[in-house]
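The values are calculated or read from the model by the stated rules, or taken from the named source; none is laboratory data. This one's a predicted model, so the numbers in the text were calculated from it and none came from an experiment. Counting neighbours? That spans all protein chains shown, and the Cβs are built from the backbone with ideal geometry, glycine included. Surface accessibility is based on the protein's heavy atoms, side chains included, excluding ligands, DNA and RNA. Shrake-Rupley method; radii C 1.70, N 1.55, O 1.52, S 1.80 Å.
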Amino acid sequence: MEQELLLKLKRKAADVRKNIIDAVFSAGSGHPGGSLSCADILTVLYFKHMNVNPSAPKDPDRDRFVLSKGHASPVLYSVLAEKGYIPKKDLLTFRQADSYLEGHPSLKDVPGVDMTTGSLGQGICAACGMAQMGKLDKRGYRVYAILGDGELQEGQVWEAMMYAAHYKLDNLTAFLDHNGLQIDGDITKVMSPEPVAAKFEAFGWNVIIIDGHDMNQIDNAVEKAKKTKGKPTMIVAETVKGKGVSYMENQYGWHGKAPNQEQRDKAIAEIDAYIENLGV
Amino acid sequence: MKKATRAAYGEALAEYGSNERIIVLDADLSKSTMTASFKELYPERFFNTGIAEANMISSAAGMATCNKIVFASSFAIFAAVRAAEQIRNSVCYPKLNVKIAATHAGISVGEDGATHQAIEDIAIMRALPNMTVIQPCDGRETKQAVKAIIDYNGPVYLRLGRLAVEDIYDNSYEFQIGKGVQLKDGCDVTIIATGLMVKPALDAYEALRAQGILARVINIHTIKPIDKEIIIKAARETGAIVTAEEHNIIGGLGSAVCEVLCDELPAPVKRVGIEDKFGKSGKPEDLINLYSLTAENIVIKAKIAMALKRQ
Ligand SMILES: Cc1ncc(C[n+]2csc(CCOP(=O)(O)OP(=O)(O)O)c2C)c(N)n1
Ligand SMILES: [Mg+2]
């Protein structure tokens with residue numbers, strides 16, 4: 001991708017990261033770690049690939065996005081705010097009783113949310129249903145979904161893996177946010193889903209392994225997925241949980257914990273320094 | 001004529017299936033749930049998910065976001081109980097247009113035994129916000145219910161049976177979601193029944209009449225939202241109630257009726273149903289007798305309810 005666009009996307013992802021920190025900080029709860037780990041993926045999808053229009057969020061021809069790991073709602077809301085679906089200031093109402101920004105994404109409440117998620121394992125199945133209807137109705141839209149690597153422990157995920165391959169849903173592209181951590185720690189110690197790539201392949205998916213923070217790699221993988229016929233694509237994105245905030249990186253303790261004021265300020269300062277470095 | 005409600009469901013899907021918005025899903029039971037009849041006519045809109053009920057329900061939800069009317073069928077135990085949380089979070093919470101048409105409800109499944117006999121599904125489905133729960137009593141009512149829920153936009157649990165049951169209604173019948181139907185008028189006691197228990201309720205009416213007791217008989221096909229008016233009116237005018245259902249006495253029709261009455265007009269209620277135990281193998285008719293889902297039991301309970309009224 002062109003350098004100029006790359007810089008723009010990097011800047012956007014940094015803004016998204018700041019939104020995540022502030023939303024979780026103002027809520028006093030929420031999930032920063034898994035939001036930060038897929039911020040680059042959502043940014044590339046929404047700002048380079050997805051055919052969506054914030055003023056027509058229910059357009060039947062739009063591309064769909066399903067955050068199967070629904071606890072990462074801060075990253076989705078932040079991207080939707082940057083994209084213009086919702087006012088940016090509303091992010092500070094996240095998880096409040098008088099807010100529409102529920103702890104987990106709710107399609108009835110938030111414009112731009114295509115599926116209600118939060119119960120792990122279910123979103124990827126809904127994405128299959130959407131892709132199946134896209135084929136039936138001969139609409140050209142594509143469906144994107146993001147799975148957590150801990151989420152793979154849900155048996156229902158593998159029901160979806162079978163389904164998507166069986167029905168040749170090549171309009172479905174899923175990402176695995178392979179950050180190696182879940183609530184209780186290292187995924188391989190809690191209940192190993194490894195080797196993940198071989199499993200997806202065995203289930204009949206086209207598998208692409210990338211660095212999930214390298215925007216060129218994300219971009220290329222999505223392009224390849226678009227060109228792949230007869231198979232759904234799983235992009236195994238090697239990621240760092242908490243990416244972009246030094247003290248959160250690779251710390252499972254930051255899965256579902258809000259920063260305090262001091263920690264929030266440090267996180268924002270780090271991201272600001274990163275932006276300063278980008279020079280855009 | 002005798003017909004299973006699941007058979008009528010299959011016929012209804014075939015009859016109304018030309019509606020292009022209708023999608024039918026099944027989890028490897030299409031010959032038993034009777035969705036196979038739709039599959040034959042509209043194979044492009046039928047999807048077998050394999051033996052994967054959780055995925056069937058959640059993918060149905062995704063399909064429903066694409067302006068579809070999605071019927072998802074399996075046995076009640078696997079659709080409503082195994083996939084209960086998928087129904088809750090993927091269907092009811094977002095209020096999506098998914099119809100869970102579950103067959104083989106209750107002990108009248110017969111020989112397959114307890115693992116296949118859902119006795120708790122009404123209780124679970126009824127407790128879900130946004131859910132409508134319907135249990136037809138014969139083939140005609142089933143067909144009309146299918147038509148009505150196609151037109152209704154939102155989640156529905158349609159509870160169907162395996163066993164062929166006698167006709168209750170003739171062709172003049174008109175089904176309306178949420179509207180109970182008075183089948184017999186009476187002033188001494190009211191029998192409120194649903195599904196396969198409507199027939200024994202009518203038999204109990206005759207038996208009671210022979211003894212000089214006039215029973216009112218009401219068919220409640222929509223267990224949620226329940227027709228409060230017809231229940232309150234029955235309590236006011238007859239003063240004693242018996243409920244009859246092929247479901248655990250905990251959480252089903254009997255509970256729903258009691259909830260209405262304790263809020264609005266307390267009256268003695270006796271419940272005929274499965275007495276909080278699992279089913280077992282056997283011929284459906286034998287099990288119905290073994291579990292006392294009979295007109296005789298309704299008569300006994302009616303007399304107890306009447307005695308309570310007099311106290
Ligand atoms: C069905 C279900 N069980 C449990 C939870 C609670 N929960 C929320 S996040 C999480 C861990 C998820 O780990 P992973 O999928 O790796 O997410 P990430 O690391 O990307 O945040 C769990 C167990 C849930 N949301 N849904
Ligand atoms: Mg993880």
Euclidean distance between Cα centres, the range A:198-250 to the range B:188-215, Å: 65
Per-residue mean of C-beta atoms belonging to partner chains within 10 Å, peptide B:84-96: 5
Accessible area per residue in Å² at 1.4 Å probe, computed on the range B:214-257: 26
Rounded to 5, the percent of DSSP beta bridges in chain B classed as antiparallel: 20
Ordering of B:80-88, A:120-128, A:142-150 by burial proxy (mean other Cβ atoms within 10 Å per residue, highest first): A:120-128, A:142-150, B:80-88
Trypsin sites (Lys or Arg not before Pro) lying in DSSP loop within the range B:257-302, provided at most 13 other Cβ fall within 10 Å: B:Lys277
Cross-link reach list, lysines versus A:Lys69, counting only Cα pairs under 17 Å and skipping chain neighbours closer than eight places: A:Lys241, A:Lys243, A:Lys257
Loop sites in the range B:170-266: GluC sites (Glu not before Pro), DSSP, at most 10 other Cβ within 10 Å: B:Glu174
Estimated [θ] at 222 nm from DSSP helical runs (n ≥ 4, -39500 (n - 2.57)) normalised by residues in the protein assembly as shown, nearest 500: -12000 deg cm²/dmol
Area projected by the alpha carbon convex hull of chain B, averaged over all directions, nm²: 14.6
B:Asp151 - accessible surface, heavy atoms, 1.4 Å probe, Å² rounded to 10: 120
Accessible heavy-atom area order of A:His31, B:His247, highest first, probe of 1.4 Å: A:His31, B:His247
Accessible area buried between chains B and A, both sides summed, probe 1.4 Å, in Å² to nearest 100: 2000
Translational D in µm²/s for the range B:1-68 (Stokes-Einstein at 20 °C, 1.002 mPa s, Kirkwood Rh from C-alpha pairs): 173
Spin-label pair B:Asn153/A:Tyr274, simplified geometry with 7 Å Cα→Cβ offset, distance in nm: 4.2
Share of carbon and sulfur in the accessible heavy-atom surface of the range B:181-307 [1.4 Å probe, %]: 53
Residues whose placed amide H lies under 5 Å from that of B:Ile274, excluding near-sequence neighbours: B:His247, B:Asn248, B:Ile249
Mean separation of Cα contacts under 8 Å, 6 or more apart, over the residue count of the range A:81-131: relative contact order %: 20
Quotient of C-alpha Rg and 2.2 N^0.38 Å, computed over chain A: 0.93
Where labels lie 7 Å past Cα in the beta-carbon direction, separation of A:Glu4 and B:Glu229 in nm: 6.8
Relative contact order, percent, the range A:3-278 [alpha-carbon distance under 8 Å, six or more residues apart]: 24
GluC sites (Glu not before Pro) within the range A:1-88, DSSP loop, no more than 16 other Cβ atoms inside 10 Å: A:Glu2
Mean Cβ count within 10 Å, highest first, over the residues of peptides B:37-45, A:108-116: A:108-116, B:37-45
Accessible surface, 1.4 Å probe, highest first, among residues A:Lys12, A:Lys227, B:Lys95, B:Lys2: A:Lys227, B:Lys2, B:Lys95, A:Lys12
Percent antiparallel among DSSP beta bridges (both partners in the protein assembly as shown, rounded to 5): 15
With DNA, RNA and ligands ignored, accessible area of A:Leu92 (1.4 Å probe; Å², nearest 10): 100
Kirkwood Rh and Cα Rg combined as Rg over Rh, evaluated for the range B:3-165: 0.92
Amide hydrogen neighbours beyond the local backbone of B:Val242, cut-off 5 Å, H modeled: B:Thr190, B:Ile191, B:Ile192, B:Lys270
Over the range B:181-307, relative contact order from alpha-carbon pairs under 8 Å, at least 6 apart, %: 30
Calculated diffusion of the protein assembly as shown, Stokes-Einstein form, Kirkwood radius summed over Cα pairs, 25 °C and 0.890 mPa s, µm²/s: 96
Cβ-defined net charge surrounding A:Tyr247, 10 Å radius [Lys, Arg +1; Asp, Glu -1]: -1
Stokes-Einstein diffusion coefficient of the range B:159-224, Kirkwood radius over Cα pairs, 10 °C, 1.306 mPa s, in µm²/s: 125
Above-threshold pairs, the threshold being 27 Å between Cα atoms, out of A:Lys108/B:Lys39; B:Lys3/B:Lys39; A:Lys224/B:Lys39; A:Lys135/A:Lys199; B:Lys233/B:Lys280: A:Lys108/B:Lys39; A:Lys224/B:Lys39; B:Lys233/B:Lys280
